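For reference, the structure is listed below as structure tokens.
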Amino acid sequence: MSVSYDAVIEQSRKYLELIAKEELTKEEKDWVVRESVSGFRDNVNPGFLEYRKSVSTDYTAVEWKDSGVHFTDIYGKDFIDCLGGYGIYNVGHRHPKVMAAVMNQLKRQALHSQELLDPLRAMLAKLVAMITPGDLQYSFFTNSGTESVEGALKLARLHTKRSGFIAAIGAFHGKSMGSLSATSKAVFRKPFLPLIPGFRHVPYGDAEALEKEISSAAFSGEDIAAVILEPIQGEGGVIAPPDDYFPRVREICDRYGVLLIADEIQTGMGRTGKMFGIEHYGVVPDIMALGKAFGGAIMPIGAFISTKEIWEEMIPNPFLHTTTFGGNPIACAAAIAAINVTLEERLPEQAAEKGNYFIPKLVDLMNKYKNICMEGRGRGLLIGMEFNSNEAGYEVAKGLFERGILVAGTLINAKTLRIEPPLTITKAELDKVLETLDKVFAEVSKKFS
Ligand SMILES: Cc1ncc(COP(=O)(O)O)c(C=O)c1O
């Protein structure tokens with residue numbers, strides 16, 4: 001069958017006109033909804049329609065505009081973004097400084113030749129070395145979180161000449177083959193087994209279990225290259241380990257010559273009240289993985305960062321690990337602006353203060369509705385609300401969505417809803433969230449009583 005390119009040109013022209021429009025008529029909005037639904041149904045994955053509908057109310061919600069802590073759907077319904085793109089929007093939606101950096105860079109050059117030295121990559125790497133703890137010094141820039149984890153795992157094998165890895169039960173590190181091997185959830189992993197050999201999982205927060213696993217692996221000649229951990233498990237349900245866990249993990253890793261990889265993809269860039277989550281424990285990892293908020297909520301960019309000693313093998317052969325788009329000029333411009341905004345606006349401190357304000361109030365509120373609520377917890381603005389059933393959590397998410405507040409479950413633990421707003425959220429907005437939660441909890445609690 002021959003393809004009608006004329007039809008493609010005509011259709012793409014209509015889409016480009018839409019992108020260029022500032023205001024849409026009611027007919028145009030209806031058309032965008034129809035195009036979105038049919039595109040998802042026929043060309044993306046109809047499964048998403050079922051899932052997205054789950055929180056939709058009387059019409060299919062299509063997102064369209066955003067700014068700061070808010071976004072609107074195509075018909076102009078306003079939402080407070082308490083999901084924050086699962087940790088993307090730390091500086092808020094379309095922060096003017098990040099936008100300006102990206103647009104200024106775009107006016108000059110978007111991507112790079114791949115051959116000459118590209119200055120923004122060097123400049124971003126300098127800043128990353130300055131903000132990361134200890135002597136982390138060299139950065140490799142990626143396009144996503146999972147890619148940062150892949151690079152971190154490869155670097156650990158390269159440096160230690162060992163092949164084993166230990167991750168935690170409940171961990172989420174991504175869904176490409178290497179990172180999925182470290183992730184711990186059967187539904188995501190089972191269809192793709194066997195994954196990369198050499199991965200073991202131990203209970204999170206239990207240093208003794210970790211040591212036992214490392215020592216038994218060593219005893220059987222399957223030496224461990226690295227332990228990979230999230231400073232607070234995000235997708236696992238916002239789980240913080242005991243305070244002495246990471247110091248003990250550091251000590252055990254040092255004793256066995258095992259590297260410690262901190263996956264800061266969700267906890268990094270101020271989210272938990274420090275620039276990086278691992279800083280709560282006074283521990284320096286050997287390798288750090290970044291993603292999500294690192295690109296200033298405008299560009300996709302991640303990184304893995306390590307020390308000179310661990311990087312040594314990569315130096316004589318810089319092409320051992322490469323990516324075409326990783327560290328491109330526009331993404332680096334966005335990440336440079338994200339670092340500047342995070343520090344200049346004291347976003348880690350803001351996250352700490354706002355978390356200290358919000359979390360105790362949330363806990364009190366949840367205590368009022370014991371028939372549905374189990375626990376409110378978190379650090380900074382990485383907050384989880386655990387319910388006693390998936391159904392209760394789902395009803396709460398739906399009730400909030402109807403009232404213009406977006407939250408979502410966690411990928412691993414559907415009973416836990418996440419509150420992960422931009423760190424720029426105001427006290428008044430947090431109060432509005434608490435007030436709305438009270439109403440929604442009351443409604444759902446009644447339904448389940
Ligand atoms: C801790 C952690 N690591 C890795 C990833 C994977 O990142 P990406 O979805 O950008 O591949 C995520 C995503 O949720 C994450 O939370």
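Residues are listed down the side, and each one gets a yes or a no for (1) over 27 Å from PRO241 (Cβ atoms); (2) of a type in the set (Ser, Thr, Tyr); (3) in contact with a Pro (Cβ under 9 Å, 6 or more places away or on another chain):
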| site | (1), (2), (3) |
| --- | --- |
| ALA392 | no, no, no |
| LYS398 | yes, no, no |
| GLY404 | yes, no, no |
| THR410 | no, yes, no |
| GLU420 | no, no, no |
| LEU430 | no, no, yes |
| GLU435 | yes, no, no |
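Given the criteria charged (D, E, K, R) and under 16 Å from ALA171 (Cα atoms), does GLU211 qualify?
no
Determine, yes or no, whether SER220 is open to solvent by 60 Å² or more (accessible area, probe 1.4 Å), farther than 30 Å from SER389 by Cβ and among the hydroxyl-bearing types (Ser, Thr, Tyr).
The answer is yes for SER220.
Inside the range 280-314, can you point out the residues that are more than 21 Å from ALA337 (Cα to Cα), open to solvent by 10 Å² or more (accessible area, probe 1.4 Å) and within 16 Å of the ligand (Cβ to nearest atom)?
Within the range 280-314, just HIS280 meets the criteria.
List the number of the failed condition for GLY221; all other conditions in (1) at pLDDT below 95; (2) within 16 Å of the ligand (Cβ to nearest atom); (3) not in a helix (DSSP H, G or I); (4) not basic (Lys, Arg) hold.
Failed condition: (2).
Given the conditions (1) of a type outside the set (Phe, Trp, Tyr); (2) surrounded by fewer than 20 Cβ atoms within 10 Å (Cβ to Cβ); (3) within 15 Å of the ligand (Cβ to nearest atom), which single one is not true for ILE228?
The number of the failed condition is (2).
Mind checking which residues of the range 52-99 are away from the ligand (no atom under 16 Å from the Cβ), part of a loop (DSSP other than H, G, I, E, B), aromatic (Phe, Trp, Tyr) and within 22 Å of GLY409 (Cα to Cα)?
TYR59
Determine the pairs where a residue that is under 20 Å from GLY170 (Cβ atoms), located within the range 241-266, has a partner that is open to solvent by 10 Å² or more (accessible area, probe 1.4 Å) and modelled with pLDDT under 95 with Cβ atoms under 9 Å apart, the partner being 6 or more residues away or on another chain.
Correct list of pairs: GLN266/TYR86.
So if I check each of ALA397, ALA442, ALA408, which one is of a type in the set (Gly, Ala, Ser) and over 21 Å from the mean Cα position of the chain (by Cα)?
Step by step, each of ALA397, ALA442, ALA408 is checked, and only ALA442 is of a type in the set (Gly, Ala, Ser) and over 21 Å from the mean Cα position of the chain (by Cα).
Name the single residue, out of those in the range 251-277 being out of contact with any strand residue (DSSP E or B) (no Cβ under 6 Å at 6 or more places or on another chain) and farther than 28 Å from GLY85 by Cβ, that is nearest to the ligand (Cβ to nearest atom).
If we take residues in the range 251-277 being out of contact with any strand residue (DSSP E or B) (no Cβ under 6 Å at 6 or more places or on another chain) and farther than 28 Å from GLY85 by Cβ, then ILE252 is nearest to the ligand (Cβ to nearest atom).
Can you find even one residue in the range 254-274 that is aliphatic (A, V, I, L, M), in contact with a Leu (Cβ under 7 Å, 6 or more places away or on another chain) and at pLDDT 95 or above?
Yes, some residue in the range 254-274 is aliphatic (A, V, I, L, M), in contact with a Leu (Cβ under 7 Å, 6 or more places away or on another chain) and at pLDDT 95 or above.
Of all residues in the range 400-409, how many are under 17 Å from LEU430 (Cα atoms) and in a helix (DSSP H, G or I)?
The qualifying residues number 2.
Can you find, within the range 315-327, the residue that is farthest from the ligand (Cβ to nearest atom) among those that are touching a residue at least 40 places away in the same chain (Cβ under 8 Å) and surrounded by fewer than 19 Cβ atoms within 10 Å (Cβ to Cβ)?
LEU320
Results for (1) within 23 Å of the chain's Cα centre (by Cα); (2) in a loop (DSSP other than H, G, I, E, B), shown as yes or no for each residue.
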residue	(1), (2)
ILE310	no, no
PRO318	no, yes
ALA334	yes, no
ALA338	yes, no
GLU349	yes, no
ASN356	yes, no
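Taking the options GLU443, GLU420, GLU429, name whichever one is closer than 27 Å to ARG189 by Cα and at pLDDT 95 or above.
The conditions single out GLU420.
Name the residues in the range 364-399 that are part of a helix (DSSP H, G or I) and among the small types (Gly, Ala, Ser), would you?
Scanning the range 364-399 gives ALA392, GLY393, ALA397, GLY399.
Can you tell me which residues in the range 32-51 are open to solvent by 50 Å² or more (accessible area, probe 1.4 Å) and in a helix (DSSP H, G or I)?
Correct list: ARG34, GLU35, PHE40, ARG41, ASP42, ASN43, VAL44, PRO46, PHE48, GLU50, TYR51.
Please work out which one of (1) open to solvent by 20 Å² or more (accessible area, probe 1.4 Å); (2) under 22 Å from the mean Cα position of the chain (by Cα); (3) farther than 30 Å from ALA218 by Cβ is the condition ALA122 fails and give its number.
It fails just one condition, (2).
So, in the range 249-265, exactly how many residues are of a type in the set (Lys, Arg) and within 14 Å of TYR281 (Cα to Cα)?
So the answer is 1.
Would you list the strands (runs of 3 or more DSSP E) that sit entirely within the range 100-205 and hold 1 or more residues that are among the hydrophobic types (A, V, I, L, M, F, W, C), more than 15 Å from ILE301 (Cβ to Cβ) and more than 15 Å from the ligand (Cβ to nearest atom)?
The qualifying strands (runs of 3 or more DSSP E) are 164-168, 199-202.
For the list (1) more than 16 Å from the ligand (Cβ to nearest atom); (2) in contact with a helix residue (DSSP H, G or I) (Cβ under 6 Å, 6 or more places away or on another chain); (3) open to solvent by less than 60 Å² (accessible area, probe 1.4 Å); (4) over 22 Å from GLY236 (Cα atoms), I need the number of the one condition that LYS361 fails.
It is condition (3) that LYS361 fails.
Kindly evaluate HIS112 against the criterion of being in contact (Cβ under 8 Å) with a residue 60 or more places away in the chain and over 26 Å from the mean Cα position of the chain (by Cα).
So HIS112 passes the test.
Whether any residue in the range 370-386 is among the β-branched types (Val, Ile, Thr) and open to solvent by 50 Å² or more (accessible area, probe 1.4 Å) is what I want to check.
no
The values are calculated or read from the model by the stated rules, or taken from the named source; none is laboratory data. Note that this is a predicted model, so its numbers are computed, not measured. For neighbour counting, all protein chains shown are included, and Cβ atoms are generated from backbone atoms with ideal geometry for every residue, glycine included. When the accessible area is computed, the model is the full protein with side chains, heavy atoms only, and any ligands, DNA or RNA have been set aside. Shrake-Rupley method; radii C 1.70, N 1.55, O 1.52, S 1.80 Å.
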